[in-house]
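**Student:** Before I ask anything, here is the structure I am working with.
The values are calculated or read from the model by the stated rules, or taken from the named source; none is laboratory data. None of the values given here were measured: they were computed from a predicted structure. Ideal geometry is used to build each Cβ from the backbone, glycine not excepted, and the neighbour counts take in all protein chains shown. Keep in mind that these areas ignore ligands, DNA and RNA; they rest on the heavy atoms of the full protein, side chains included. Shrake-Rupley method; radii C 1.70, N 1.55, O 1.52, S 1.80 Å.
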Amino acid sequence: MIDKTINTIVTHKFSPFKGTRGKAYLALAFICFFWGTTWLASKQGVIYVHPLQLAGIRQFVGGILYILFFLNQGFSFPKGKDWLPIITMSLLNFILSNGLSTWGVKYISAGLGSIIGAIIPLWIVLIGLFSKNEKIKTKAVIGLLLGFGGICVIFFEHLLDFLNADFRFGIFLSLTASLAWAWGSIYTKKQAKNFNPYFGVGLQMLMSGLVMYSISGFTGLSVPLSSIPWQGWAAIAYLILFGSILSFIAYIYALQHLPTSQASIYAYINPIVAVVLGAMLFDEKLTSFIVVGGAITLYGVYLVNNSYSKKE
């Protein structure tokens, strides 16, 4: 589902990446691990920096690097109405999705945040049910039921945690972020042929970074840059390098040289990496409810993706 969106992008005529299938498997292995670790880096970063400020710095610097690269390649800025889809995707994919998911892990575990992030394909199917007169496949229905059923299993042991306002706020932010990314994925797929998607990502990052950093500043939530300790800067640098630059480039590379069904396995491995490392590094609880519920959720997501990938 989501991967078809990016697959549309990577087959775009502006694509500057070429390579071999063997390197694509290495790129896939890279994103399977490192995109999972970004949840931990965000969890570490929000200890020292407000989430919106952290996400703002990350996206602003990442956007600048993307833009400088493509300007050097001879690309030009969009004109007129071409800015509308870029602004819209900046709002959905970065301000709401990345900003709110980063904020969410301040109040919930990185592992739980990553599992909620993995249900995006389920949201896409639900959105499609209300926006199209199309019959949903039986396998997709089963996947939806399993996916959300698995989330219920995970939340079962957190029922008392919902009495905590911070926990409720973190869950709300994470669910809203995943829903925003689902809307953004659908919108991106429709607009991908109308603009340079790679340069567009840099512009989206830059704009979202400025907006999130400004919001954190105007609301008094930000901290002076000089007061951010090295641990905070280390988390930000990690997110920029491995989250916004290297992993995304590796993902594009993998999608160009591997079937979408193979490249999409990152979505099932990232939460496992986040849950296991979260337990090891942050002493996050790794209970049977999380293990069983997470496995059910990911299998449900797999069924949804699989039912639609065969159709494609």
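**Student:** Apply 1/(1 + (r/R0)^6) to the Cβ-Cβ distance of L246 and R21, taking R0 = 22 Å, and write down the FRET efficiency to the nearest 0.05.
**Tutor:** 0.65
**Student:** Additional query: Cα-Cα over 23 Å: which of K79/K189; K43/K139; K81/K190; K43/K190; K106/K189?
**Tutor:** Check vs 23 Å cut-off fails for K43/K139; K43/K190; K106/K189.
**Student:** Percent of accessible area on the chain owned by carbon and sulfur, 1.4 Å probe?
**Tutor:** Answer for the chain is 69 percent, counting heavy atoms of protein chains only.
**Student:** Grab the beta carbon distance between F162 and V141, set R0 = 25 Å, and tell me the FRET efficiency rounded to 0.05.
**Tutor:** About 0.35, to the nearest 0.05.
**Student:** Fully extended, how many nm does the chain gain between I64 and T287 (0.36 nm per residue separation, minus their Cα-Cα distance)?
**Tutor:** 76.2 nm
**Student:** From the backbone phi of region 147-164, what are the Karplus-calculated ³J(HN,Hα) couplings (6.51 cos²θ - 1.76 cosθ + 1.60, θ = phi - 60°) in whole Hz, Gly and Pro given as x?
**Tutor:** Going residue by residue, I get x, 6, x, x, 4, 5, 4, 4, 6, 4, 7, 9, 4, 5, 5, 5, 6, 8 Hz, with x marking Gly and Pro.
**Student:** Taking springs between alpha-carbon atoms closer than 10 angstrom, which of S185, S226, S264 fluctuates most in the Gaussian network model of the chain?
**Tutor:** Of the options given, S226 has the highest mean-square fluctuation.
**Student:** Report the residue, chosen from P259, P78, P224, that carries the largest GNM mean-square fluctuation when the chain is represented by alpha-carbon nodes joined by springs under 10 Å.
**Tutor:** Of the options given, P224 has the highest mean-square fluctuation.
**Student:** Let me ask you something else. Taking 8 Å as the Cα distance limit and 6 or more residues as the minimum spacing, I'd like the relative contact order of the chain as a percentage.
**Tutor:** Taking the mean separation of contacting Cα pairs over the length of the chain, I get 45 percent.
**Student:** Would you kindly derive the ³J(HN,Hα) couplings of region 71-86 from the backbone phi angles with the Karplus curve 6.51 cos²θ - 1.76 cosθ + 1.60 (θ = phi - 60°), listing them in order in whole Hz, with x for Gly and Pro?
**Tutor:** Per residue, the Karplus-derived 3J(HN,Hα) values read 5, 5, 7, x, 7, 10, 5, x, 10, x, 5, 5, 6, 4, x, 5 Hz.
**Student:** Pull out the extension gain between L221 and S76, defined as 0.36 nm times the separation in residues minus the alpha carbon to alpha carbon distance; nm, one decimal.
**Tutor:** 48.7 nm
**Student:** So, in Å, what gap is there between the alpha-carbon centers of region 201-226 and region 227-255?
**Tutor:** Using only Cα atoms to place each centre, the spacing works out to 17 Å.
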